[in-house]
Amino acid sequence: MTTSTPGSRRLLLFAVSGILGLSVLAGCSSDSTTATESAAPSDTASAAYCSGVDQVTSSLEALVNTKIVQEGTATLKTRFDAFKADAGSLVDSASAAFATETAAVEASIATLENNVANLTDSPSAAGAASIQPALQGVATSTNALIDAVKGACPTS
């Protein structure tokens, strides 16, 4: 997983995250049009990324629901590391079929990683609030990838 991205992609992510709230976890649109509709993954590739969706969803939810001031930076970093590992696996397996979505996830993770690294061990409410746009960016991009992957996965 690469962490370097063009500045324009980062600006776009910030713009999107500013418009959207953390409520992106609340609903997923089934009528979004993405590369999913034209993707024809192999059974092996599909199985690899289809099996990772639930774990990424779970670790994303834990990450964005972290109460940074109350639970502390260590909890946030632990949840971020777990999410980053889960998302990295999904990105690796889905990058061929969902290049746009996986690139957005990688960019948003890099942005959040920089923000988390700059938090103090006992952040103030203002310090914790300063990473909210990056958390929103991760939620937005990851949910877009999850939606795209779910659209290509066979239903159980």
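Please give the per residue accessible area of the range 92-155, computed with a probe of 1.4 Å over protein heavy atoms only, in Å².
Working: 2470 Å² over 64 residues.
Value returned for the range 92-155: 39 Å² of accessible area per residue.
Normalised Debye scattering of the range 99-142 at q = 0.23, 0.31 Å⁻¹ gives log10 I(q)/I(0) of -0.72, -1.03, counting only Cα atoms as equal scatterers and leaving out solvent.
For the range 50-110, what percent of Cα pairs sit more than 13 Å apart? Across the range 50-110, Cα pairs with separations above 13 Å total 61 percent.
From most to least packed by mean Cβ count within 10 Å, the peptides 111-118, 69-76, 91-98, 133-140 give 133-140, 91-98, 111-118, 69-76. By its C-alpha gyration tensor, with a ≥ b ≥ c as the square roots of the eigenvalues, how is the range 66-156 shaped: rounded for a/c under 1.5, else prolate for a/b larger than b/c, else oblate? Since a/c reaches 1.5 and a/b is larger than b/c, the shape of the range 66-156 is classed as prolate.
The values are calculated or read from the model by the stated rules, or taken from the named source; none is laboratory data. On a predicted model such as this, the values are computed, not experimentally measured, just so you know. Counting neighbours? That spans all protein chains shown, and the Cβs are built from the backbone with ideal geometry, glycine included. Heavy atoms of the whole protein, side chains included, go into the accessibility calculation; ligands, DNA and RNA do not. Shrake-Rupley method; radii C 1.70, N 1.55, O 1.52, S 1.80 Å.
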